[in-house]
Amino acid sequence: MSSTMAPNVAGVAAPGRRTVYSMCSMCSVRCPIEVTVEDGRAVWLQGNPHDKAIGASLCAKGSAGLALEYDDDQRPQTPLIRTGPRGGGQWRRASWDEALDYIADKLKETIAAFGPRGIMLSDRSGPFTDLTRTFVRALGSPNYFTHDACCTANAHNAARTLFGFSHEGLIPDLGRVKHLVLYGRNIIEALAVKEAKAFMAALANGMRVTYIDPRATFTACKATRYWQVRPNSDYALNLAIIHEVLKQKIYDKAFVDRFVSGMDYLREAVKDTTPEWQVSHTGVPAEQLRAFVRELAADAAHVIFNPGWGTARHKQSFHVSRTALILNVLMGNIEIPGGFILAKPPARYGRKGLNHLIARVPKVEQPRVDGAGTTRPQWDPEIGMLHQAFAAMETAQPYGIGAYFAYRHDPITGLPDTEAAKRALEKLKLFVSIDVRYSEAGWFADVILPEATYLERANILCQMGGAVPNFSMRDQAIAPRFDSRPAWWIFREILRRMDIKEALDFETIEELWNYQLDGTGVTVAEMREKGFVSLANAPKLIPREELRFPTPSGKIEIESAVLKQAGLPSLPPYEAKAAPADDRFLLLIGRTATLTHGQSFNNPLLNEIAPEQVLWIHPDRARPLGIGDGDTVEVRGGGSYVGRIKTRVTPWIHPEAVFMLHGFGATVPLATRAFGRGVADQRLQGGKLYDFDPAGGGCALTEAIVQIKPAVAEGGNQ
Amino acid sequence: MSTYILRHDEASCISCLACEVHCKSNKDLGPGPDPCKIITMGPFDVGRPAQPRMRIVFMPCFHCEDPWCVRACPTGAMQQREMDGIVHVEHSLCIGCKSCIAACPWGTPQWDPATRKVVKCDYCMDRFDAGLQPACVTKCVTGCLSFGVADELPDPRRERYARYLVAEPLGEGKEGS
């Protein structure tokens, strides 16, 4: 067998009807799925009913997986090597051998110029990153990045400075929560099926929901209380809530006394942030805030303040997440039913976790290029800070980056200010996109390597964290339709060409799985029975007296030693926001349940539902500009790009902001359904690539200002 | 005789539109026809202080007792199954005249440009006959869709009202309003 033949799992094209348990990949949530295969063709997708939390449920994107597989051939079908200028759209088809040799040659050039640390990779995080981290480290570089700089970095790093672990270590026990507080966490539209199911079930059982957002989303429409706050003002709101919680003495004193340090620091920080103080900042009436806090008293400790998911919003977003987490601590909701259950390692249940691939490669001693964990101790080196890699590409400081692998990640759509991002990418010796589709980044790359779709590939096994951890699998359901490959194979082949053999020295995925499972007591056959193996039947809560937090002090640190080391205040004063006037607005962005980032816009069924966005604008601001509902307007964001978009004039967006869905305005002509449709919000976020929250590192996306004016009719009436 | 009902519990619906895609994917349809459709309206302001609420209307086929689409069809392609009243299209007989589209007061029959014939909600008859639920019901995200014999299927609104009475006795839990 030639080393470049596709490595299918055994029996993938077998005749007859089969059920394969696997994992969806239409967005980043990775729901467990059941695939029905008839004579080698996938004919039905649904949620994996063995997982009670999802049952057979699947979202629109999940069901559109069949359309991706069989009705969307507008995706890379062989390796492609660029022949014209970057982004010029001139490519030649290449064999895998040729493309991989080309990459290896460029990597050797990069190493000669910058050393191995000049190689980097970014992906969209998640449970499979052992593979990508191993690949980067095996090459001798510390520079692995998740996409979190424009997603959840602020919440992640906020939790680390408070608890010593990520917010992903806090699992809400929604079924028993009495009051859930959401800061723009749009559970219904930025959809994760299990979470949305649990949320709706809890609502039906009487859970209160306070939803805080300048825009009334679908989630606001399900909430029991909606506060249309001023954009980017949520930190002021939280300082006032904490003030009132302390004043009304409704916090869990026993919990706080035992597990929390820095209460005096907290009291000092909020001593003047009264309900009246916050009114001019947020617009929330003081009496409503007081009533809210009285309600908390009735429901405590079964109150959860959600620290957010996409929190790359403004330059105090880190502190929004952090004060939300502090409020949870004050409620005393940690590790109790109806509160946050802590994620447990397998050892808690007397089990052994999966063997890590990364254990097979030596540690890299070089500091990260973004300073995460060194010069910026407040940033988790495990996720890094992607915009600072772009800064290094551009300036070669603190050292140069010459080669970049974007794995199933589109940094050009994800990061703000496309012109600035492209300026940095232009400096690279090698830019590789490994993806199932033509992304904006792929179109700007030197090499596109087509990954097999999630139905066509097997991944490494993953260990899902949670109150009860499990091992989950993405198994291969069908053979690839084109000349594509699974990621583990692609990374192995690149390493082999760099004479790095030991890291991913597996001939088949089953061999790799057996390495991961060795000593765990679980077999591949057991994994395939249901697609996952839970490591226990029920969560085992840690008794209060045994609770420990992995912070420097062992306590929940309101005044964080890590932030102090970084020279940053743990509770800075609120920075008041000016209201943009005339034709200027803050640009807010968001999601809808049928689309994911830039990823699914060319899918025939999903594109049909939302081919373009609309711009939400408040009637009081639209009227003076001569803008009516359904009019076409021009949107400018500082650069040369002008977006044309139809309006939705509605009081359900705060007057200081406009809103559009993220991810439109694709420029890849081969993806004809998405091409040129809608407005690319990231191209309106001029000057924002290096504008970030210093504490959490997240991009300040919703501080972008746009200018709106009625569009000049293009070819007659609009 | 029309035996079955496909019920939509608006309060549990999140307008995620998954049902539309579940349906189209199961019927192998491309862009164009939507045998079931979610219409979302609002938000409307229903409270003081402002409280946004949307209205979500689910439009499958109602499988009428006396379906006008069947009467309008000149070829007998549009049929009502005798045993259970399921209204469906026999594709080999459909001539693409669109009479049924014009006749239906709900706009249920859909034009499929790929086959140049009509396609409609048939409660996923193939699945139904295999003892399964319609695709939209099976894979609904929140469980707001249910399918069954019309006079046997419990109405979630009554159950919810009972739960509400237990959880929130009248006059309480209204703080802040």
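Go through segment A:309-354 and give me each residue that's farther than 20 Å from residue A:555 by Cβ, of a type in the set (S, T, N, Q) and touching a Ser or Thr at 6+ places or on another chain (Cβ under 8 Å).
A:311, A:317
Looking only at strands (runs of 3 or more DSSP E) that lie completely in segment A:136-215, which have at least 3 residues being more than 30 Å from residue A:400 (Cα to Cα) and in contact with a Ser or Thr (Cβ under 9 Å, 6 or more places away or on another chain)?
A:179-183, A:208-212
Out of B:5, B:38, I need the residue that is more than 9 Å from chain A (Cβ to nearest Cβ), under 24 Å from residue A:604 (Cα atoms), part of a strand (DSSP E or B) and touching a Leu at 6+ places or on another chain (Cβ under 7 Å). Which one?
After ruling out the rest, the residue left standing is B:38.
For residues that are facing another protein chain (nearest Cβ under 9 Å) and hydroxyl-bearing (Ser, Thr, Tyr), scanning just segment A:218-238, find the one that is nearest to residue B:9 (Cα to Cα).
Across segment A:218-238, the extreme among qualifying residues is A:219.
Which condition from (1) over 30 Å from residue A:214 (Cα atoms); (2) more than 9 Å from every other protein chain (Cβ to nearest Cβ); (3) over 17 Å from the mean Cα position of the chain (by Cα) is the one that residue B:65 breaks?
Looking at each condition in turn, residue B:65 falls short on (3).
Residue by residue through segment A:633-671, note down the ones that are surrounded by 17 or more Cβ atoms within 10 Å (Cβ to Cβ) and among the β-branched types (Val, Ile, Thr).
Matches in segment A:633-671: A:633, A:635, A:645, A:647, A:649, A:650, A:653, A:658, A:667, A:668.
So, residue A:204, is that one of a type in the set (Gly, Ala, Ser), under 30 Å from residue B:44 (Cβ atoms) and surrounded by fewer than 22 Cβ atoms within 10 Å (Cβ to Cβ) or not?
Yes; evaluated as a whole, the condition is true for this residue.
For residue A:467, indicate whether it is crowded, with 22+ Cβ neighbours inside 10 Å and of a type outside the set (Ser, Thr, Tyr).
It is false that residue A:467 is crowded, with 22+ Cβ neighbours inside 10 Å and of a type outside the set (Ser, Thr, Tyr).
Would you say residue A:685 is within 30 Å of residue A:568 (Cα to Cα), at pLDDT 95 or above and of a type in the set (S, T, N, Q)?
yes
Only one of A:409, A:387 is outside any loop (DSSP other than H, G, I, E, B) and buried (at least 24 other Cβ atoms within 10 Å of the Cβ). Can you tell me which?
A:387
Residue-by-condition table, conditions (1) modelled with pLDDT of 95 or more; (2) of a type in the set (A, V, I, L, M):
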| position | (1), (2) |
| --- | --- |
| A:563 | yes, yes |
| A:567 | yes, no |
| A:570 | yes, no |
| A:576 | yes, yes |
| A:597 | no, no |
| A:619 | yes, no |
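Among the residues of segment B:109-128, how many are within 13 Å of chain A (Cβ to nearest Cβ), within 14 Å of residue B:6 (Cβ to Cβ) and of a type outside the set (A, V, I, L, M, F, W, C)?
Here the count works out to 1.
Would you confirm, using the coordinates I've provided, whether residue A:401 is touching a residue at least 60 places away in the same chain (Cβ under 8 Å) and closer than 21 Å to residue A:490 by Cβ?
Criteria met by residue A:401.
Could you tell me which residue of segment A:35-52 is surrounded by the most Cβ atoms within 10 Å (Cβ to Cβ), considering only residues that are more than 9 Å from every other protein chain (Cβ to nearest Cβ), within 24 Å of residue A:538 (Cβ to Cβ) and not polar (S, T, N, Q)?
My answer is A:51.
Scan segment A:658-666 and give yes if some residue there is touching a Pro at 6+ places or on another chain (Cβ under 9 Å) and outside any loop (DSSP other than H, G, I, E, B), otherwise no.
Yes, some residue in segment A:658-666 is touching a Pro at 6+ places or on another chain (Cβ under 9 Å) and outside any loop (DSSP other than H, G, I, E, B).
Here's the yes/no breakdown for (1) in contact with a helix residue (DSSP H, G or I) (Cβ under 7 Å, 6 or more places away or on another chain); (2) modelled with pLDDT of 95 or more:
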{"site": "A:1", "(1), (2)": "no, no"}
{"site": "A:9", "(1), (2)": "yes, no"}
{"site": "A:34", "(1), (2)": "no, yes"}
{"site": "A:37", "(1), (2)": "no, yes"}
{"site": "A:40", "(1), (2)": "no, yes"}
{"site": "A:46", "(1), (2)": "yes, yes"}
{"site": "A:51", "(1), (2)": "no, yes"}
{"site": "A:55", "(1), (2)": "no, yes"}
{"site": "A:63", "(1), (2)": "yes, yes"}
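Please determine whether any residue of segment A:532-543 is of a type outside the set (Phe, Trp, Tyr) and assigned to a helix (DSSP H, G or I).
Looking through segment A:532-543, none of the residues is of a type outside the set (Phe, Trp, Tyr) and assigned to a helix (DSSP H, G or I).
Which residue pairs have Cβ atoms closer than 9 Å, lie 6 or more positions apart in sequence or on different chains, and pair a first residue in segment B:129-154 that is facing chain A (nearest Cβ under 9 Å) with a second residue that is part of a loop (DSSP other than H, G, I, E, B) and of a type in the set (S, T, N, Q)?
B:138/A:57; B:139/A:57; B:140/A:57; B:141/A:57; B:142/A:57; B:143/A:57
Okay, residues lined up against (1) crowded, with 19+ Cβ neighbours inside 10 Å; (2) closer than 27 Å to residue A:214 by Cβ; (3) within 13 Å of another protein chain (Cβ to nearest Cβ):
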{"position": "A:254", "(1), (2), (3)": "no, no, no"}
{"position": "A:260", "(1), (2), (3)": "yes, no, no"}
{"position": "A:265", "(1), (2), (3)": "no, no, no"}
{"position": "A:291", "(1), (2), (3)": "no, yes, yes"}
{"position": "A:295", "(1), (2), (3)": "yes, yes, yes"}
{"position": "A:298", "(1), (2), (3)": "no, no, yes"}
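Do we have any residue at all in segment A:196-213 that's among the small types (Gly, Ala, Ser), within 14 Å of chain B (Cβ to nearest Cβ) and within 21 Å of the chain's Cα centre (by Cα)?
yes
Restricting attention to segment A:53-67, and to residues there that are in contact with a strand residue (DSSP E or B) (Cβ under 7 Å, 6 or more places away or on another chain) and either hydrophobic (A, V, I, L, M, F, W, C) or at the interface with another protein chain (Cβ under 7 Å from one of its Cβ atoms) (or both), which single residue is surrounded by the most Cβ atoms within 10 Å (Cβ to Cβ)?
Top of the filtered list is A:58.
Do any strands (runs of 3 or more DSSP E) lying entirely in segment B:84-163 carry at least 1 residues that are of a type in the set (Asp, Glu), and which ones are they?
B:110-112
So for segment A:277-285 (the condition being more than 14 Å from every other protein chain (Cβ to nearest Cβ), crowded, with 23+ Cβ neighbours inside 10 Å, in a loop (DSSP other than H, G, I, E, B) and among the polar types (S, T, N, Q)), does at least one residue qualify?
The answer is no; no qualifying residue exists.
Conditions (1) away from chain A (no Cβ under 14 Å); (2) buried (at least 18 other Cβ atoms within 10 Å of the Cβ); (3) farther than 24 Å from residue A:204 by Cβ; (4) at pLDDT below 95, marked per residue:
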| position | (1), (2), (3), (4) |
| --- | --- |
| B:17 | no, yes, no, no |
| B:29 | no, yes, yes, no |
| B:47 | no, no, no, yes |
| B:60 | yes, yes, no, no |
| B:79 | yes, no, yes, no |
| B:89 | yes, yes, yes, no |
| B:101 | yes, no, yes, no |
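Criterion first (within 14 Å of chain B (Cβ to nearest Cβ) and either within 26 Å of the chain's Cα centre (by Cα) or buried (at least 22 other Cβ atoms within 10 Å of the Cβ) (or both)) does residue A:610 satisfy it?
yes
Any residue at all in segment A:38-53 that is free of Cβ contacts under 8 Å to residues at least 60 places away in the same chain, assigned to a loop (DSSP other than H, G, I, E, B) and under 30 Å from residue A:175 (Cβ atoms)?
yes
The values are calculated or read from the model by the stated rules, or taken from the named source; none is laboratory data. All values derive from a computational prediction rather than experimental measurement. Here Cβ is always computed from backbone atoms with ideal geometry, including for glycine, and neighbour counts include all displayed protein chains.
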